[in-house]
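K.L.:
Starting off with a structure, shown below.
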Amino acid sequence: MQLLDGKALSKTIQKEIKTAVEKRLEEGKKRPHLAAILVGTDGASQTYVGHKVKMCKAVGFQSTLIQLANNTSQTELLEHIQKLNENTDIDGFIVQLPLPKHIDVPTITEAIDYQKDVDGFHPQNIGRMAQNLPCFLPATPAGILELLARHQVPTSGKECVVIGRSNIVGRPMSILLSRNASPGNCTVTLCHSRTQNLADYTRRADILVVALGKAEFITADMVKEGAVVVDVGITRVPDASRKRGYRLAGDVKFDEVAPKCSFITPVPGGVGPMTVTSLLLNTLRAAENRTQK
Ligand code: NAD
């Protein structure tokens, strides 16, 4: 069993990004600039955004954090988005999800200039992704592709099962792995909450990508011997023995599944760090695209 170590790979890629930024500065170009809008006080979202800002600094990007109250109206949020769309100093920006219930996520996603949409959620980017055209890929699936590519995990002709059909992880992942590309060229089945007899599918998978958000849901009997298992799930499980009162659990029962695998991602330290790194890579690309213009 080989660990798909996202933490270590992220460090390597972040060094590469830092070098690219230094080269840009030597050439008289500006630092890439990422902005993030955070609405409300959700604890996990604050942690994620705080981490993104910290990582921007680590690779030499400029960052701007716009914090808005939980009762910010959709109109106000759209005004902030419009300002960022028009701000020529901003290369890319994200609106941290989830948003408060009174805000319509698709409306917000579509309002972002797709050329600054470094989360890769805009329908224009998703459509271009489906057609294998240059675009910003959604950060988590892009990070998973990078993990597979840099560990030289064979994907062509493999049977792949993705669990979860969210717009940000499962569905784009299923499209990416089915594309005529490398990594890709898998035969993909997308499973979801209405799938009957889920284990019949998972047991066939050479590559199993799990993104359903239920702690330790996938057990050893659901996994084929020698499978590649990518665990996207992050759930806070109460744990009185930890100082913060919880531990982070993946969707896979790692201890019993890992011995059966050829490759597996740990949680934490697998897909999570790669997601942030993909966002940085997208932002660097956005800055390069804007420089070329
Ligand atoms: P979501 O909550 O939007 O959707 C969950 C999906 O799982 C749905 O499509 C649903 O149909 C499916 N599902 C639920 N129960 C199921 C069942 N019993 N059998 C089969 N399918 C079932 O999911 P999301 O936003 O993609 O997030 C999934 C998990 O990944 C969460 O734990 C989230 O925190 C985590 N996540 C991690 C990262 C990262 O960077 N590591 C990024 C995004 C999401």
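K.L.:
If the Cβ limit is 8 Å and pairs must be 6+ apart or interchain, which residue in region 96-113 that is among the polar types (S, T, N, Q) pairs with which residue that is in a helix (DSSP H, G or I)?
P.N.:
From region 96-113, the pairs are Q96/S45; Q96/Y48; Q96/V49; T107/Q74; T107/L78; T109/P123.
K.L.:
If you check R236 against the conditions, is it closer than 29 Å to I108 by Cβ, within 10 Å of the ligand (Cβ to nearest atom) and free of Cβ contacts under 8 Å to residues at least 60 places away in the same chain?
P.N.:
Values: closer than 29 Å to I108 by Cβ: yes; within 10 Å of the ligand (Cβ to nearest atom): yes; free of Cβ contacts under 8 Å to residues at least 60 places away in the same chain: no.
In short, no.
To keep it simple, each residue is scored yes or no on (1) polar (S, T, N, Q); (2) within 19 Å of G6 (Cβ to Cβ); (3) within 11 Å of the ligand (Cβ to nearest atom).
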residue	(1), (2), (3)
R128	no, no, no
L137	no, yes, no
T155	yes, yes, no
A181	no, no, no
I207	no, yes, no
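K.L.:
Could you list, in sequence order, all residues of region 22-66 that are farther than 28 Å from T291 by Cα and free of Cβ contacts under 8 Å to residues at least 40 places away in the same chain?
P.N.:
Initial filter on region 22-66 (farther than 28 Å from T291 by Cα): 39-48.
Within region 22-66, T41, G43, Q46, T47 meet the criteria.
K.L.:
Right, something else. Which one of the conditions (1) assigned to a helix (DSSP H, G or I); (2) surrounded by fewer than 21 Cβ atoms within 10 Å (Cβ to Cβ); (3) of a type outside the set (K, R) does L97 fail to meet, given that it meets all the rest?
P.N.:
Among (1) assigned to a helix (DSSP H, G or I); (2) surrounded by fewer than 21 Cβ atoms within 10 Å (Cβ to Cβ); (3) of a type outside the set (K, R), L97 violates only (1).
K.L.:
Considering only region 238-284, state which residues are surrounded by fewer than 18 Cβ atoms within 10 Å (Cβ to Cβ) and either on the phi > 0 side of the Ramachandran plot or among the basic types (K, R) (or both).
P.N.:
Scanning region 238-284 gives R242, K243, R244, G245, R247, K260, G269.
Read-outs throughout are calculated quantities, based only on the coordinates presented, and are distinct from any laboratory measurement. What you are looking at is a predicted structure, and each value in this text was computed from that prediction instead of being measured. No Cβ is skipped: glycine too gets one built from the backbone with ideal geometry, and neighbour counts run over all protein chains shown.
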